[in-house]
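To start, the structure under review is shown below, and the notes come after it.
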Amino acid sequence: GAGVSQTPSNKVTEKGKYVELRCDPISGHTALYWYRQSLGQGPEFLIYFQGTGAADDSGLPNDRFFAVRPEGSVSTLKIQRTERGDSAVYLCASSSSGSGWETQYFGPGTRLLVL
Amino acid sequence: AQSVAQPEDQVNVAEGNPLTVKCTYSVSGNPYLFWYVQYPNRGLQFLLKYITGDNLVKGSYGFEAEFNKSQTSFHLKKPSALVSDSALYFCAVRDSWGKFQFGAGTQVVVTP
């Protein structure tokens, strides 16, 4: 079956601009996670959704970052007034509520470059 | 707060030799432990997990990991490494509320 997909695969923007990154989880997966991965580092937790609600958003670095999942499926990570330090690969992962609920499956990521 | 440590930035091994990638963790409550692998320009791929039960867990591509509660470790192992195993390996711990913490990663280099 289809895995987690993320669009766009690459995004180049200018400092101060607004960007949206999209994640399509595996069909039927109720949990959805966003991570940020900088070069040479492990994924850094940003936010975790269970259904439509954010169960834990403690990893969002500041109020320029926001994420939504209005229908409990697709999620959008929104970054306002982008800064060069936001440049990273943004990863999305999903997991099911049934068997294997504890395992995340990752998308390929969106590589964001802020000039 | 939970944490994961991968003490080695890089592990070098000759093809055919055993491979070990170290991981230690800290978490409140029972640990849910994972190993993921990342190939260049690709997303993370699930290798194996420990939730409960046998301390030796077998996963994909011939990898296994041993959960050691007293040492709070979850080292990844493979009896005979392949050149194609060269990649970046991440250990992760999940807490009871669903939040994951990843280690910084260990680059594995397998030479022919």
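Looking at (1) at pLDDT 95 or above; (2) under 29 Å from A:Gln6 (Cβ atoms); (3) among the basic types (Lys, Arg), which one does B:Arg94 not meet, given that it meets all the others?
Single failed check for B:Arg94: (1).
Given the conditions (1) of a type outside the set (D, E, K, R); (2) within 11 Å of chain B (Cβ to nearest Cβ); (3) surrounded by 15 or more Cβ atoms within 10 Å (Cβ to Cβ); (4) within 20 Å of A:Gly3 (Cβ to Cβ), and given that A:Gly59 satisfies all but one, which numbered condition is not satisfied?
Going through (1) of a type outside the set (D, E, K, R); (2) within 11 Å of chain B (Cβ to nearest Cβ); (3) surrounded by 15 or more Cβ atoms within 10 Å (Cβ to Cβ); (4) within 20 Å of A:Gly3 (Cβ to Cβ) one by one, A:Gly59 breaks only (4).
Among the candidates A:Gly72, A:Gly42, A:Gly28, which residue alone is closer than 23 Å to B:Tyr50 by Cα, part of a loop (DSSP other than H, G, I, E, B) and either more than 13 Å from chain B (Cβ to nearest Cβ) or open to solvent by less than 20 Å² (accessible area, probe 1.4 Å) (or both)?
Step by step, each of A:Gly72, A:Gly42, A:Gly28 is checked, and only A:Gly42 is closer than 23 Å to B:Tyr50 by Cα, part of a loop (DSSP other than H, G, I, E, B) and either more than 13 Å from chain B (Cβ to nearest Cβ) or open to solvent by less than 20 Å² (accessible area, probe 1.4 Å) (or both).
For the list (1) more than 14 Å from B:Phe100 (Cβ to Cβ); (2) in contact (Cβ under 8 Å) with a residue 40 or more places away in the chain; (3) open to solvent by less than 70 Å² (accessible area, probe 1.4 Å), I need the number of the one condition that A:Arg81 fails.
Condition not satisfied by A:Arg81: (3).
Per-residue answers, yes or no, for (1) farther than 18 Å from A:Glu44 by Cα; (2) part of a strand (DSSP E or B); (3) within 14 Å of chain A (Cβ to nearest Cβ):
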{"residue": "B:Asn17", "(1), (2), (3)": "yes, no, no"}
{"residue": "B:Leu47", "(1), (2), (3)": "yes, yes, yes"}
{"residue": "B:Asp54", "(1), (2), (3)": "yes, no, no"}
{"residue": "B:Ser70", "(1), (2), (3)": "yes, no, no"}
{"residue": "B:Val93", "(1), (2), (3)": "no, yes, yes"}
{"residue": "B:Ala104", "(1), (2), (3)": "no, no, yes"}
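Please count how many residues of segment A:87-100 are surrounded by 14 or more Cβ atoms within 10 Å (Cβ to Cβ) and out of contact with any Lys or Arg (no Cβ under 8 Å at 6 or more places or on another chain). Walk me through it before giving the result.
Going residue by residue through segment A:87-100, those that are surrounded by 14 or more Cβ atoms within 10 Å (Cβ to Cβ) are A:87-96.
Then keep just the ones that are out of contact with any Lys or Arg (no Cβ under 8 Å at 6 or more places or on another chain); that gives A:87, A:92-96.
Number satisfying all stated conditions: 6.
Counting only residues that are surrounded by fewer than 20 Cβ atoms within 10 Å (Cβ to Cβ) and part of a strand (DSSP E or B), how many does segment B:72-86 have?
Within segment B:72-86, residues that are surrounded by fewer than 20 Cβ atoms within 10 Å (Cβ to Cβ) and part of a strand (DSSP E or B) number 3.
Going through segment A:45-56 one residue at a time, which ones are open to solvent by 30 Å² or more (accessible area, probe 1.4 Å), more than 9 Å from chain B (Cβ to nearest Cβ) and under 22 Å from B:Val93 (Cβ atoms)?
A:Ala54
Sort out which residues of segment A:102-111 are touching a residue at least 24 places away in the same chain (Cβ under 8 Å) and either within 17 Å of B:Leu48 (Cα to Cα) or in contact with a Leu (Cβ under 7 Å, 6 or more places away or on another chain) (or both), and write them in order of number. Can you show your working first?
The first filter runs over segment A:102-111 and keeps only residues touching a residue at least 24 places away in the same chain (Cβ under 8 Å), leaving A:104-111.
Answer for segment A:102-111, where residues must be touching a residue at least 24 places away in the same chain (Cβ under 8 Å) and either within 17 Å of B:Leu48 (Cα to Cα) or in contact with a Leu (Cβ under 7 Å, 6 or more places away or on another chain) (or both): A:Gln104, A:Tyr105, A:Phe106, A:Gly107, A:Gly109, A:Thr110.
The values are calculated or read from the model by the stated rules, or taken from the named source; none is laboratory data. Only a predicted model underlies this, so the values are computations on that prediction, with no experimental measurement involved. We place every Cβ from the backbone using ideal geometry, glycine too, and count neighbours over all the protein chains shown. For the accessible areas, the whole protein counts, side chains as well, though only heavy atoms, and no ligand, DNA or RNA atoms are used. Shrake-Rupley method; radii C 1.70, N 1.55, O 1.52, S 1.80 Å.
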